[in-house]
Amino acid sequence: MEKKEQYRVLFHKYINDTLEKDDLDLLTSMIDSEEYEEEMDACFREYFQFSENEKDQENLKIKSVPIVEETWKQLNLKINEEHRVIEFPKHRISPFLKYAAAVLLLLSISTVWYYMYNEAKVSSQEQVASADILPGTNRATLTLSNGNAIALSEAQEGLMVSADQMTYADGTTIMKTPEVQLATISTPRSGQYQVTLPDGSKAWLNAASSINYPTQFIGESRQVKITGEVYFEITRNPKQPFIVQSNKQVVKVLGTSFNINAYGDKGQVLTTLVEGSVEVSSAQNKAVVKIKPGQQAILSNNGELQTRVVDTDEYASWKDGIYMINNLSLEDFGKKIERWYDVEVDMGPYKDQKLSATIRRDVKLNEVLEAIELNTKIKFKVKDRKVTAYK
């Protein structure tokens, strides 16, 4: 892994609170080095993504929270260890200055001061139209085998399936299911949803995706069918393996965490393993591969299976609300934008240009386009939900 790519990975893990102590020390040393100033600058721009309407102190404070709370604790611990305990007078410093100070100390004074106190780049007129295009939300439809359909609540975090009923995560009953029947949860473009299956396994559905499952797992295996993109965390049960069927592919697991992208972009189905072990087979020619954590199985249109080593965060971070992009073509990232923001994207002659960035999924479309522009100098215009790239 190249050093600059490593910086991005560590920065992403820090934002998501998955950074180990040794890695935190490494990230700190990188921040102190001039060698990483360009990457630090880019990562900071992408994460904070200021716009003309986000210059007030309260918004800056809110955007600082994920980084700062832990930072402030770590700084105080370090000071205490060195026997130089400093206490700020509680009534002489504003809460905002506390947040600002912590960010300044962690991510280098010069870089952060610029972004915290100087005006953000004014969005171009072509991007104004995208300011009102919101990101996707929790939206899905539950359809039973008898044809009954229910629009699931956007206010709920997910659905839970038990032996005789389906409820929301907070316990609110959706329906009773005394008899075993097939159910399908489907998300539209700009929708996502989570479901806990009868065995306790969990599935996260990305936009324009679906999962078909029985309300009870009976028989020798636990079988589901999916379309689109779904991330799984499977409850281990060696006596009843878990089987996922997707377009021209079957994945067999015992207990593991993995992501399946079956959108069919470029005629491929991608299975990325985070934990455990899975067996991927082609429905066309019966080819079979077993992959280990950190590996990806690629099923092509002709039924051939190949494997490669990948950074799993690039393929699984979407479920945690982050796009972690490393050397991805604008055309490929455009597909993600289309599904999540329900727009049409035309990258034109720039479709093969590569992008490396960490971009949050909970921001408006114009902020995503600004992040791309910061990295590539490509501009965008938006009209009637169509995004067009130009320079």
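Enumerate the amide H contacts of M175 below 5 Å, restricted to partners 5 or more residues apart or on another chain; note that Pro and chain-start residues carry no placed amide H.
The answer is M166.
Can you flag which of K252/K292; K354/K379; K351/K391; K266/K377; K13/K379; K248/K336 are past 20 Å Cα-Cα?
Distance filter (> 20 Å) returns K266/K377; K13/K379; K248/K336.
Starting from the amide H of A208, placed 1.01 Å from N in the peptide plane, find each other amide H under 5 Å away whose residue is 5 or more places distant or on another chain.
Close amide H contacts, sequence-distant or interchain: T187, R189, S190, G191.
Relative contact order, percent, of the range 233-343 when contacts are C-alpha pairs under 8 Å separated by at least 6 residues?
17 percent.
Search the structure for amide H atoms under 5 Å from the amide H of S329, placed 1.01 Å from N in the peptide plane, and list their residues when 5 or more places away or on another chain.
L355
Determine the share of the range 243-391's accessible area contributed by carbon and sulfur atoms, expressed in whole percent, with a 1.4 angstrom probe.
Ligands and nucleic acids excluded, carbon and sulfur reach 43 percent.
For the range 235-391, just say rounded, prolate or oblate: build the C-alpha gyration tensor, square-root its eigenvalues into a ≥ b ≥ c, call rounded for a/c under 1.5, and beyond that prolate if a/b exceeds b/c, oblate if not.
Note, shape of the range 235-391 comes out prolate.
In whole Hz, what ³J(HN,Hα) sequence does the range 292-305 give by Karplus (6.51, -1.76, 1.60; θ = phi - 60°), x for Gly and Pro?
Values per residue, Gly and Pro as x: 10, x, x, 10, 9, 9, 10, 9, 8, 4, 8, x, 6, 10 Hz.
Under 18 Å from a point placed 7 Å out from the Cα of K383 along the Cα-to-Cβ direction: which residues of the range 319-349 have their backbone N that close?
Hits in the range 319-349 for K383 at 18 Å: 343-349.
Please say if the range 155-285 is rounded, prolate or oblate, where rounded means a/c under 1.5 for a ≥ b ≥ c the square roots of the C-alpha gyration tensor eigenvalues, and otherwise the choice is prolate for a/b larger than b/c and oblate otherwise?
Because a/c hits 1.5 or more and a/b fails to exceed b/c, the range 155-285 counts as oblate.
Under a point spin-label approximation (7 Å from Cα along Cα-to-Cβ), what is the D164-E275 distance to one decimal in nm?
In this crude label model, D164 to E275 measures out at 3.2 nm.
The values are calculated or read from the model by the stated rules, or taken from the named source; none is laboratory data. Please read all numbers here as calculations on a predicted model, not as lab measurements. Positions of Cβ are generated from backbone atoms using ideal geometry, with glycine treated the same way; all protein chains shown enter the neighbour counts. Only protein heavy atoms, including side chains, enter the accessible area calculation; ligands, DNA and RNA are left aside. Shrake-Rupley method; radii C 1.70, N 1.55, O 1.52, S 1.80 Å.
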